Amino acid sequence: MRLALVTPAAKREVRREQLRRGRDTALALRQAFPGVEHVRLDFRFQSNGSTTPAVQSRTLHQAARAFFEFPCPFADCDGQFNLGSAVRVAVAGPAHRTTGELECCGKRRVRLGAPDPCQLRLTYTVTAVFESADKHASAAGEAVRPDSLTTLGGNS
């Protein structure tokens, strides 16, 4: 019997495939969260090491898959961040926005030997933007009444 060595590259490929399958089976944003026009995710990272990943921003529009698991940005880490519950809080909350912090629970091979805990910290902001009532009316083929529109300046 032959033992197969699992290399770090093979582990990363397995992780990428799992995320790909999850994304492929997720509902579209418009189905998962009716009325949401888009979800914006802003990421800021803090690391104890000498390098820290750059700030990231992602916007998922209605056709995008409602899949909110993201791999740790360190290529040698097997961890990921799951922001699904944060998105649900943002969509359901009155401000349609939430912030928080997560720590990567993955392992990194920074040096020879046993892997070290990653401990990369992600500070996130999730904002859900909803469709306007006028957009719903025009999408449904209904006429938008001029008296329902708000003008600036009062006299028009």
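Only the coordinates and a few stated rules stand behind these numbers; no lab work does. Remember, predicted model here, so these are calculated numbers, not experimental data. Cβ coordinates were reconstructed from backbone atoms using ideal geometry, including for glycine residues, and neighbour counts include every protein chain displayed.
Taking Lys and Arg as +1 and Asp and Glu as -1, the other residues whose beta-carbon sits under 12 Å from that of THR125 total +2. Where Lys and Arg each count +1 and Asp and Glu each count -1, what net charge lies around ARG16 among other residues with Cβ under 15 Å from its Cβ? Result for the neighbourhood of ARG16: 0.
Summing Cβ point charges (Lys, Arg +1; Asp, Glu -1) relative to the Cα centre of the stretch 33-122 gives a dipole of roughly 60 debye. Within the shell of other residues whose beta carbon sits under 10 angstrom from the beta carbon of ARG108, the net charge comes to 0, with Lys and Arg scored +1 and Asp and Glu -1.
Projecting the Cα atoms of THR59, GLN46, ALA75 onto the dipole axis of the stretch 29-135, where Lys and Arg carry +1 and Asp and Glu carry -1 at the beta carbon, places ALA75 farthest toward the positive end. The stretch 23-51 and the stretch 54-124 have Cα centres separated by 8 Å.
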